[in-house]
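These notes concern the structure reproduced below.
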Amino acid sequence: MNADTVNDKKIKYVEKFKNQLIEGIAYYSRLKNELKGFSDQIVECIPEQLKSAERELAEIKF
């Protein structure tokens, strides 16, 4: 197996992982309204953290 093949496989793996993270962020964003029993401070902090994660993922380029 040559280096290009290995690099292509690694890139595909990382792209798939990045897409799964993006899907996870979207999932947890939708759950905000279902968070009962948590303090308002925690519930309000979650979207900010998810947006921060989205920005960091958007900076990853191949």
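The values are calculated or read from the model by the stated rules, or taken from the named source; none is laboratory data. Note that the structure is predicted; figures quoted are calculated from it, not measured. Here Cβ is always computed from backbone atoms with ideal geometry, including for glycine, and neighbour counts include all displayed protein chains. Areas reflect the complete protein model, heavy atoms only, side chains present, ligands, DNA and RNA absent. Shrake-Rupley method; radii C 1.70, N 1.55, O 1.52, S 1.80 Å.
Things worth noting here:
- Test: residue in the stretch 17-25 that is at pLDDT 90 or above, open to solvent by less than 100 Å² (accessible area, probe 1.4 Å) and of a type in the set (D, E): no
- Residues that are under 15 Å from the mean Cα position of the chain (by Cα) and in contact (Cβ under 8 Å) with a residue 12 or more places away in the chain, drawn from the stretch 31-62: I46, P47, L50, A53, E54, L57, I60
- The stretch 7-16, residues that are within 20 Å of the chain's Cα centre (by Cα), charged (D, E, K, R) and surrounded by 11 or more Cβ atoms within 10 Å (Cβ to Cβ): K10, K12, E15
- Residue check, D4 open to solvent by 100 Å² or more (accessible area, probe 1.4 Å) and either over 10 Å from the mean Cα position of the chain (by Cα) or not acidic (D, E) (or both): yes
- Taking the stretch 26-55 as the range and being acidic (D, E) and surrounded by 10 or more Cβ atoms within 10 Å (Cβ to Cβ) as the test, the residues that pass are E44, E54.
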